[in-house]
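The values are calculated or read from the model by the stated rules, or taken from the named source; none is laboratory data. Quantities reported herein were computed from a predicted structural model and do not represent experimental measurements. When we count neighbours, we look across all protein chains shown, and the Cβ atoms used for this are built from the backbone with ideal geometry, even at glycine.
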C-alpha cells in the first residue's frame with residue numbers, strides 16, 4: 001500500500017497528479033514511479049493511463065480517491081464518452097481499469113487520439129493555483145487538441161517542452177520558457193472551443209451519455225436547421241461551417257480529415273469514431289452548447 005497519494009486538484013491531469021507524487025517520493029526515474037503506482041514501466045499518463053486497477057488496490061485506506069473518480073476526474077475519458085458507442089466506451093474504460101491479461105487498447109486509440117502534444121499552461125492559472133494551493137499543476141482542459149486559450153481567464157496558453165513522457169510538475173521556470181500560442185486566429189471561436197472542452201471534461205452529465213443519444217439530438221437540430229430536400233447536403237454544410245469559423249481555424253482543425261466525412265457518418269453510422277473536436281465545432285456552429293446537447297439528448 002502506498003504511504004500517500006495526492007488528491008487531484010480541480011481539472012488536474014493524471015500526469016500532473018503522478019508528477020507531484022513522483023517529486024514527493026524522491027524517485028529518480030519515471031519508470032520507478034509508474035511501477036510503484038501502476039505496476040508497469042510506461043503508461044499513457046497524459047490521456048488514457050493503463051493500470052488504474054493496480055493503483056486502486058494500492059491507495060491508502062484513508063484516501064477519498066476511487067478509480068472511477070480518477071478516470072472521470074483526471075483522464076480524457078469524459079471528453080470522448082458522449083461521442084463514442086457504449087461498446088467502445090466500455091473497452092476504453094476497461095483498458096484503463098480492468099486487471100485482464102491481453103486487454104489491449106481499443107481501436108479508438110488509432111482513430112480518435114491525436115498524437116501527443118507538448119503540455120500547455122495558462123500564466124493566470126499558474127499564479128492563481130500557486131496562491132490557492134501552494135503549487136501549480138497541469139490543467140487537463142489545456143491539453144486537448146484545438147484548445148489554444150484558457151476557458152477561465154481567456155488568455156492565450158503557452159506551450160512547454162514537456163511532452164507527457166517524463167514526469168514533470170509544472171514549474172515557474174517552465175512557464176517562463178514556454179512559447180505563447182497567440183496568433184491571428186479568431187479568438188472568440190477559440191474561447192468557445194476551450195469552454196466546451198472544459199465543460200465536457202468537468203461535468204457529470206457526460207457519465208450517462210453516448211454517441212447514440214448525442215447523435216439523435218444533433219440530427220434533430222440539423223433537420224430543423226438545414227431544410228434540404230432529400231436529407232442533408234454534406235458538402236454545402238461543410239462550406240457553411242468553414243465560412244463560419246474562418247480559414248485560419250478551418251486549416252488548423254480540419255486538416256485531420258474532411259468534415260464532410262464526419263457529417264456523413266453522423267447521419268449514417270451509429271458507430272462513428274471521430275475526434276470530439278468535430279462534434280464541438282458542429283454544436284457551436286448550430287448556436288448550441290455541449291450542455292444543451294448532452295443533457296437534452298437523454299430526455
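Each row is one residue, and each column tells you yes or no for (1) at pLDDT below 90; (2) assigned to a helix (DSSP H, G or I); (3) surrounded by fewer than 13 Cβ atoms within 10 Å (Cβ to Cβ).
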position: 154; (1), (2), (3): no, no, no
position: 182; (1), (2), (3): no, no, no
position: 197; (1), (2), (3): no, yes, no
position: 221; (1), (2), (3): yes, yes, no
position: 227; (1), (2), (3): yes, no, yes
position: 242; (1), (2), (3): yes, yes, no
position: 245; (1), (2), (3): yes, yes, no
request  = Please state which of the following conditions residue 159 fails to meet, knowing it meets all the rest: (1) modelled with pLDDT of 95 or more; (2) within 19 Å of residue 21 (Cβ to Cβ).
outcome  = (2)
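Among the candidates 283, 253, 259, which residue alone is at pLDDT below 70 and either surrounded by 14 or more Cβ atoms within 10 Å (Cβ to Cβ) or in the same structural domain as residue 84 (by TED's automatic domain parsing) (or both)?
Values: 283 fails: at pLDDT below 70; 259 fails: at pLDDT below 70.
Unique residue meeting the criteria: 253.
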task = Please give the helices (runs of 4 or more DSSP H) falling wholly within the stretch 8-98 in which 3 or more residues are touching a helix residue (DSSP H, G or I) at 6+ places or on another chain (Cβ under 7 Å) and within 21 Å of residue 198 (Cβ to Cβ).
result = 67-74, 77-80
Residues of the stretch 1-16 satisfying the condition of being closer than 15 Å to residue 72 by Cα and either surrounded by fewer than 24 Cβ atoms within 10 Å (Cβ to Cβ) or modelled with pLDDT under 95 (or both) = 7, 8, 9, 10, 11, 12
remark   = Matching residues in the stretch 286-299 (modelled with pLDDT of 70 or more and not in a helix (DSSP H, G or I)) number 4
query = Here is a list of conditions, (1) modelled with pLDDT of 85 or more; (2) assigned to a loop (DSSP other than H, G, I, E, B), and residue 129 meets all of them except one; can you say which number that is?
reply = (2)
ask   = What are the pairs, 6+ residues apart or on separate chains, where a residue within the stretch 41-68 that is at pLDDT 90 or above has its Cβ under 6 Å from a residue that is loosely packed, with under 13 Cβ neighbours inside 10 Å?
value = 58/1
